[in-house]
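K.L.:
The structure is given below, and queries will be raised subsequently.
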Amino acid sequence: MKLFAFLPFLAPLVSAAAISSAEKPITYDGYKVFRIDTHGRARGAVIEKMLQGLKAVQYNYDTDTNIEIAVAPEDLGKFERMRLDFEVLDEDLGASIRAEGGFHPGGEQRFASSLNQLRPGAFPDESWFRAYHSFNDHQQWLVDIQAGFPENSELIEVGKSFEGRIITALHLWGKDGKDAHKAVYWHGTVHAREWISTMVVEYNTYQIITNYLKNDTTITKVLDSYDFYILPVVNPDGFAHTQTGDRLWRKNRLKHPSSSCIGTDMNRNWPYKWETTGGSSTSPCSETFRGLSAGNTDEITALVKFSEKLAAKNGIKSYIDWHSFSQLILLPYGYSCNEHVPNYERQMELARGVASAIKQVRKTTFTPGETCPDLYKAVGGSTDWMQDVGKAEISWCIELHPSGGGANGFILPASQIEPAAKDLWAGMLYLLPTM
Ligand SMILES: *[C@@H]1O[C@H](CO)[C@@H](O)[C@H](O)[C@H]1NC(C)=O
Ligand SMILES: [Zn+2]
């Protein structure tokens, strides 16, 4: 694959606004990651409050049983004096991030402002899945793979991020030509730091295309039955920031008019039940900040419009929002912990089938459930919107590897990309022909 082949005379610089917001990169050198046993909900809330006094990054929000948190070296003494019940998941987060190989502090700022600026290179090979890559290289990968499947695919500019990066969809179709069938619809990397999600979405894409080119019977039938819309990176600014500024960044990079804190949690910004209290934050500094109004971010505005089009055209058969981590297959709803989706039994049956197909590969456990109560209450998420507004027949959030039982959260070594991706491909090989 050619690495991000710009037409140099068209190469824009990132806007001045984006440059001035660039903070000093955070390396996480000397940060330790802990898993704290909270011994129940009430105590979890108390502990969470105590931890807020530390310079730290909290990994999870379902604090009933445990809190995973990365604590800065200068606050390690303070943390130890709290005398919590904890285990150490990572002795030096900075070293793990360097070993992962995709973080380049203060790195690239240039990006294509139009897909036309990218020239196709060679068709990608499987070595792509042995490392993490920059946002720009992911754009180039999409251009390369589309060029190798010209009769059955196109790239779509779904919209632009706040800083002007392209949100790209790869559209695939089979023998009936484009727009003949219901959509299979995938979003990756809405949470910027969840790098494995980008790679798993691309691996599944790669398998569909290469197997179709080989006339594999199952995949031919699948692609002849659905239109695929695949968006490996729906939060390009956040993703770019995790590669050059802060590996643990979660939100987008939207500025707030009256706060110095940056970013909205795009998975709390979808315009459905957005205003419901308790599953998102109104504080711009929070990791789960829901935004100033429902769907007010550039990215969600573009994604809603695109999703509405798919829903109106032939309908959405199956939507998956790919996240990490915890190894869960989650049905809606996030806004309520009592409501079930109307076709709950059918969706659960399929989710259980996917989990058991995954298990057969190398005994990895994925657990089916509902966003609430099985993960936590989360309002303004994409799966609730897809289920009730987009009328998707299947609407899932899949939380990828690791399980959260002693591994290092968002930092999954590059050597784990292929094994993780193969697990999920087995799951898709069950879901896609069965659903
Ligand atoms: C797949 O089938 C098509 C159409 O029948 C044929 O042209 C092509 O050569 C086949 N490809 C392979 C790899 O067998
Ligand atoms: Zn996520």
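Residue-by-condition table, conditions (1) farther than 15 Å from Ser134 by Cα; (2) within 16 Å of ligand 2 (Cβ to nearest atom); (3) touching a residue at least 40 places away in the same chain (Cβ under 8 Å); (4) surrounded by fewer than 20 Cβ atoms within 10 Å (Cβ to Cβ):
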residue	(1), (2), (3), (4)
Pro150	yes, no, no, yes
Ile166	no, no, yes, no
His171	yes, no, yes, yes
Gly174	yes, no, yes, no
Asp179	yes, no, yes, yes
Lys182	yes, no, yes, yes
Asp216	yes, no, no, yes
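K.L.:
When Glu151 is evaluated against the numbered criteria (1) within 16 Å of ligand 1 (Cβ to nearest atom); (2) touching a helix residue (DSSP H, G or I) at 6+ places or on another chain (Cβ under 9 Å), which criterion, by number, is the only one it fails?
P.N.:
(2)
K.L.:
Say we look at the range 216-250 and pick out the residues that are over 16 Å from Ser197 (Cα atoms) and part of a loop (DSSP other than H, G, I, E, B); which of these is farthest from ligand 1 (Cβ to nearest atom)?
P.N.:
In this case the residue turns out to be Gly245.
K.L.:
Would you check if Asp137 is within 16 Å of ligand 1 (Cβ to nearest atom) and either among the basic types (Lys, Arg) or open to solvent by 20 Å² or more (accessible area, probe 1.4 Å) (or both)? Walk me through it before giving the result.
P.N.:
Numbers: within 16 Å of ligand 1 (Cβ to nearest atom): no; either among the basic types (Lys, Arg) or open to solvent by 20 Å² or more (accessible area, probe 1.4 Å) (or both): yes.
Considered against the rule, which asks whether it is within 16 Å of ligand 1 (Cβ to nearest atom) and either among the basic types (Lys, Arg) or open to solvent by 20 Å² or more (accessible area, probe 1.4 Å) (or both), Asp137 comes out as no.
K.L.:
Quick check on Ser113: is it among the hydroxyl-bearing types (Ser, Thr, Tyr), away from ligand 1 (no atom under 16 Å from the Cβ), touching a residue at least 40 places away in the same chain (Cβ under 8 Å) and in a loop (DSSP other than H, G, I, E, B)? Before the answer, list the steps.
P.N.:
Working: among the hydroxyl-bearing types (Ser, Thr, Tyr): yes; away from ligand 1 (no atom under 16 Å from the Cβ): yes; touching a residue at least 40 places away in the same chain (Cβ under 8 Å): yes; in a loop (DSSP other than H, G, I, E, B): yes.
In short, yes.
K.L.:
Against the conditions (1) in contact with an Asp or Glu (Cβ under 6 Å, 6 or more places away or on another chain); (2) open to solvent by less than 20 Å² (accessible area, probe 1.4 Å), where does Tyr376 fall short? Just the number, please.
P.N.:
Going through (1) in contact with an Asp or Glu (Cβ under 6 Å, 6 or more places away or on another chain); (2) open to solvent by less than 20 Å² (accessible area, probe 1.4 Å) one by one, Tyr376 breaks only (2).
K.L.:
Restricting attention to the range 201-215, which residues are β-branched (Val, Ile, Thr), away from ligand 1 (no atom under 16 Å from the Cβ) and more than 19 Å from Gly381 (Cβ to Cβ)?
P.N.:
Here is the first cut: in the range 201-215, the ones β-branched (Val, Ile, Thr) are 201, 205, 208-210.
Then keep just the ones that are away from ligand 1 (no atom under 16 Å from the Cβ); that gives 201, 205.
Listed by number, the list holds a single entry, Thr205.
K.L.:
On the given criteria, is His133 assigned to a loop (DSSP other than H, G, I, E, B) and within 30 Å of Leu155 (Cα to Cα)? Before you say what the answer is, go through the steps one by one.
P.N.:
Working: assigned to a loop (DSSP other than H, G, I, E, B): yes; within 30 Å of Leu155 (Cα to Cα): yes.
So His133 fits the description; yes.
K.L.:
Does the range 217-257 hold any residues that are of a type in the set (S, T, N, Q) and out of contact with any Pro (no Cβ under 8 Å at 6 or more places or on another chain), and which are they?
P.N.:
Listed by number, the residues that qualify are Thr217, Thr220, Ser225, Asn235, Thr242, Gln243, Asn252.
K.L.:
Scan Ile411, Ile358, Ile417, Ile398 and give me the residue that is within 16 Å of ligand 2 (Cβ to nearest atom), among the aliphatic types (A, V, I, L, M) and not in a loop (DSSP other than H, G, I, E, B). First the steps, then the outcome.
P.N.:
On the way: Ile411 fails: not in a loop (DSSP other than H, G, I, E, B); Ile358 fails: within 16 Å of ligand 2 (Cβ to nearest atom); Ile417 fails: within 16 Å of ligand 2 (Cβ to nearest atom).
None of the other options fit; the residue is Ile398.
K.L.:
Filtering the range 62-84 down to residues that are in a loop (DSSP other than H, G, I, E, B) and under 26 Å from Cys372 (Cα atoms), which residue is least open to solvent (accessible area, probe 1.4 Å)? Please lay out each step first, then the result.
P.N.:
So in the range 62-84, the residues in a loop (DSSP other than H, G, I, E, B) come out as 62-65, 72, 82-84.
Imposing the further condition that a residue be under 26 Å from Cys372 (Cα atoms) reduces the set to 62-65.
On the way: Asp62: 51, Thr63: 13, Asp64: 62, Thr65: 86 Å².
Across the range 62-84, the extreme among qualifying residues is Thr63.
K.L.:
Out of all the residues in the range 197-211, is one or more away from ligand 2 (no atom under 16 Å from the Cβ), open to solvent by 10 Å² or more (accessible area, probe 1.4 Å) and not in a helix (DSSP H, G or I)?
P.N.:
no
K.L.:
Residues of the range 184-195 being β-branched (Val, Ile, Thr) and either assigned to a strand (DSSP E or B) or surrounded by fewer than 24 Cβ atoms within 10 Å (Cβ to Cβ) (or both), which ones?
P.N.:
First, pick out the residues of the range 184-195 that are β-branched (Val, Ile, Thr): 184, 189-190.
Correct list: Val184 only.
K.L.:
Another question, then. Would you point out which residue out of Asp227, Asp246 is touching a Gly at 6+ places or on another chain (Cβ under 9 Å) and surrounded by 17 or more Cβ atoms within 10 Å (Cβ to Cβ)? Reasoning before the result, please.
P.N.:
Values: Asp246 fails: touching a Gly at 6+ places or on another chain (Cβ under 9 Å).
Exactly one residue qualifies, and that residue is Asp227.
The values are calculated or read from the model by the stated rules, or taken from the named source; none is laboratory data. Computed from a predicted model, the values in this text were never measured in an experiment. Counting neighbours? That spans all protein chains shown, and the Cβs are built from the backbone with ideal geometry, glycine included. Note: accessible area is taken over every heavy atom of the protein model, side chains too, but ligands, DNA and RNA are not part of it. Shrake-Rupley method; radii C 1.70, N 1.55, O 1.52, S 1.80 Å.
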